[in-house]
Amino acid sequence: MRNPSARVYGIGNTLIDIITSVTDDELARLGLHKGTMHLTDKRKRLELEAFLSGRTSVITPGGDCPNTLITLHAMGVDTTLAGKIGDDAFGKMYADRLRIMGVRNELALSSEPTGSSIILVTPDSERTMNTYLGANRFYSAHDIVLESLRLSDVFYFTGYMWDTPEQQNAIMTALKETRNRDIIVAFDVADSFAVGRYRDTFLRIITDYCDIVFANSEEARILFNNYDPHECCRSMGKLCRIAIVKDGKRGSYISRAGKVVRIPVLGSLEPVDTTGAGDIYAAGFLYGLCTGRTTDDSGEIASFLAGETISQQGAQFTEEKALRLRTALEDGSWRPAP
């Protein structure tokens, strides 16, 4: 696919990310399992806010699908983000940030508070996410602007949208709209807990609707009951056109037309913060797709951008860094020296 004016339409959880550093002992005292995503209620949310009091935190609009679309737009791809925010200060911050960045905003308003995620980063750079979905829980099929979806070239969503029946119905409505249309469907499995709960549903969605699927090695293991990420990628490649399994410091695997290739890590093996690395990997791959790169080149671009994001705190790039990366992608200087 080479389409300089390609449009990517994404539906995802709009969250304000609050990122702070903690020790392993502090994480244990909070009763949190390192490296996972915890859905929190209001009581746990208040406990975490009290813990954060007086600490230095990075606060930025985030969320899985939004991180991907924001990065895609920064690299020059036309993007539209659909989701739900509260009519509050965080919601205004989110909408203002999208407007400044130029991402098309189709965010519905809710009387519920804007969702947020307190991300605790331990010294080994593992991130433990504590997500309060807030308004996101109520995103429904009625909130989708179908005309925008129908005009898109790529529809992107993630497994995090399987937290409530309303969200599930919205995604299924969107998927049915893509049928018999020239729209590429890209799905990031995104959450091992969601895979555990909805394994059969996800396998059916991958088979029936998806062209491109992203999963990490743990998610792929649950999907295919196999600890070998290479073989998991091969198995997933039998269900969709392009299958991608990310394997951390060992790189990633991409299956297309029955062939599995390994993509090496491009970037630091000692990350500062892995928050959103998978989101940015997806952005890199979709950027490659939209600009007519080969599957292998798209995978290497994905690895390059993911490597850049783990060298900083937080998933999104500053305007200056995004411009530098976009220029490197356009002139080819992003490639490592032979």
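Points to keep in mind about this one:
- Computed from backbone phi with θ = phi - 60° and the Karplus coefficients 6.51, -1.76 and 1.60, the 3J(HN,Hα) list for the stretch 47-57 is 4, 5, 5, 5, 4, 6, 3, x, 8, 7, 10 Hz; x is used for glycine and proline.
- Computed Rg/Rh of the stretch 203-295, alpha carbon atoms with Kirkwood Rh: 0.95
- Scaled radius of gyration (Cα, divided by 2.2 N^0.38 Å) that the stretch 23-171 gives: 1.11
- Among [x] 57, 24, 15; [y] 27, 23, 21; [z] 35, 22, 18, the entry that matches semi-axes √(5λ) of the Cα gyration tensor in Å as calculated here: [y]
- Per-bin percent of Cα-Cα distances, the stretch 205-259 [10 Å]: 30, 59, 10, 0
- Value of relative contact order over the chain, rounded to a whole percent, pairs C-alpha under 8 Å and six or more apart: 18 percent
- Net lengthening on full extension, Ala257/Leu323 (0.36 nm per residue, minus Cα-Cα): 20.3 nm
- Scaling against 2.2 N^0.38 Å puts the C-alpha radius of gyration of the stretch 87-215 at 1.14.
- Rel. contact order, % - alpha carbon contacts under 8 angstrom, at least six apart, the stretch 73-214: 18 percent
- Note, ³J(HN,Hα) from phi for the stretch 326-335, Karplus 6.51, -1.76, 1.60, rounded to Hz, x at Gly and Pro: 4, 4, 5, 5, 6, 9, x, 6, 5, 5
- Close amide H pairs (under 5 Å, H built 1.01 Å from N) link Gly292 with Asn3, residues at least 5 positions away or on another chain.
- Sum of -39500 (n - 2.57) over DSSP H runs of 4+, divided by residues of the chain (222 nm, nearest 500): -12500 deg cm²/dmol
- Taking other C-beta atoms within 10 Å as the exposure proxy, Val58, Val189, Val195 rank Val58, Val195, Val189 from fewest upward.
- In plain terms, if you count all Cα to Cα distances in the stretch 33-80 and split them into 5 Å steps from zero, the share in each step is 5, 15, 14, 21, 16, 11, 11, 7, 0 percent.
- Overall Cα dimensions of the stretch 6-104, principal axis frame, Å, largest first: 47, 27, 23
- Separation of alpha-carbon centers, the stretch 292-338 and the stretch 1-64, rounded to whole Å: 23 Å
- Karplus (6.51, -1.76, 1.60) ³J(HN,Hα), θ = phi - 60°, over the stretch 170-185, in Hz, Gly and Pro reported as x: 4, 5, 5, 4, 5, 4, 5, 5, 6, 5, 6, 10, 7, 10, 7, 9
- Most mobile listed residue (Ile205, Ile263, Ile244) in the chain, GNM with C-alpha springs under 10 Å: Ile205
- Looking at the chain alone, DSSP beta bridges between its own residues are antiparallel in about 35 percent of cases.
- Size of the stretch 274-338 as Cα extents on the principal axes (Å, biggest first): 30, 23, 20
- Mean Cα-pair separation over length for the stretch 187-333, i.e. relative contact order, pairs under 8 Å, 6 or more apart, %: 16 percent
- Cα pair distances of the stretch 160-241 binned at 10 Å [whole percent]: 18, 53, 25, 3
- Hits among lysines - C-alpha to C-alpha of Lys246 under 20 Å, sequence gap 8 or more where chains match: Lys34, Lys238, Lys259
- Loop-located trypsin sites (Lys or Arg not before Pro) in the stretch 168-227 (DSSP state not H, G, I, E or B) with no more than 14 neighbouring Cβ atoms inside 10 Å: Arg179, Arg181.
FYI, it's all coordinate maths here, none of it is from the lab. Please read all numbers here as calculations on a predicted model, not as lab measurements. Positions of Cβ are generated from backbone atoms using ideal geometry, with glycine treated the same way; all protein chains shown enter the neighbour counts.
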